[in-house]
1. For SER156, work out the one condition from (1) on the phi < 0 side of the Ramachandran plot; (2) modelled with pLDDT under 90 it doesn't fulfil.
2. So which residues in segment 30-42 are of a type outside the set (A, V, I, L, M) and under 19 Å from the mean Cα position of the chain (by Cα)?
3. Which residues, counting only those in segment 75-120, are assigned to a helix (DSSP H, G or I), in contact (Cβ under 8 Å) with a residue 40 or more places away in the chain and under 16 Å from LEU133 (Cβ atoms)?
4. Please verify whether segment 44-55 includes one or more residues that are in contact (Cβ under 8 Å) with a residue 60 or more places away in the chain, crowded, with 18+ Cβ neighbours inside 10 Å and not acidic (Asp, Glu).
5. Go through segment 149-179 residue by residue and tally those that are loosely packed, with under 12 Cβ neighbours inside 10 Å and in a helix (DSSP H, G or I).
6. Are any of the residues in segment 10-31 closer than 23 Å to THR114 by Cβ, free of Cβ contacts under 8 Å to residues at least 24 places away in the same chain, of a type in the set (Gly, Ala, Ser) and in contact with a helix residue (DSSP H, G or I) (Cβ under 8 Å, 6 or more places away or on another chain)?
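The values are calculated or read from the model by the stated rules, or taken from the named source; none is laboratory data. Keep in mind that this is a model prediction, so the values were computed, not measured. All Cβ positions, glycine included, derive from the backbone under ideal geometry; neighbour counts span all protein chains shown.
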Amino acid sequence: MRLKTYLSMLFIAGAAPYDVSYPARAWATLLDLENPETKGARRVNEAVSWLEARQFVTVANNPGRPSRVTLLNERGKGEQYELPGEVYNQLRNKKGADVAKRNRYVKIPPEFWTSGWLSVLSTPAVSMYLVLLCAQTSDEVSEVWFSPDQADKLYSLSADTRSRGLVELRKAGLLTVRRRALSNDVFDVKRFRNAYMLDMGRLGESATIPIS
């Protein structure tokens, strides 16, 4: 809930002053939560409170109107929010690519919201979708792979979260998984790894996950 709420705010508050002021029931409806007027709105409010406590956003009360939520830097250190593309380009031009690298960012296609994927996918699936976007080495869709040790070190996601997320993305048609040999040497011991590729075209279709 926290992840989905924060991603949605990043998606909507795309211009200065990077803030939003919508009732909780509106966010609950966007995320297709059960009972958006009551239970769903409460879940959204709890998520926003968590984000505020950890310095991802600030919340200003607005009597008689929805509170105004302002984005802060994604690192959770209470710093002012800036568009990642602008920060990356400034650092790359002034201090070089190596310094700018830690500000590298990825864009989530708008179809992730407009086709309903954010509301249909579980949090593990959304998390792994972000991981796979980040793991691509360029803007072009390509096969990626990572070992469990790498995944744990880079993203701090449990093995169960990774497994459930990848299975769900595959069922939804958003992910293709292929077995690739680690070596083509006929005298080498046959070892394989899973290679993952996102299907970006599927995002434009209505979000559905077939029931097994």
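1. For SER156, the failing item is (1).
2. As a first pass, look at segment 30-42 and keep what is of a type outside the set (A, V, I, L, M): 32, 34-40, 42.
Selection gives ASP32 alone.
3. GLU111, PHE112, TRP113, TRP117, LEU118
4. As a first pass, look at segment 44-55 and keep what is in contact (Cβ under 8 Å) with a residue 60 or more places away in the chain: none.
Checked against the condition, which is being in contact (Cβ under 8 Å) with a residue 60 or more places away in the chain, crowded, with 18+ Cβ neighbours inside 10 Å and not acidic (Asp, Glu), segment 44-55 yields no hits at all.
5. 5
6. Looking through segment 10-31, at least one residue is closer than 23 Å to THR114 by Cβ, free of Cβ contacts under 8 Å to residues at least 24 places away in the same chain, of a type in the set (Gly, Ala, Ser) and in contact with a helix residue (DSSP H, G or I) (Cβ under 8 Å, 6 or more places away or on another chain).
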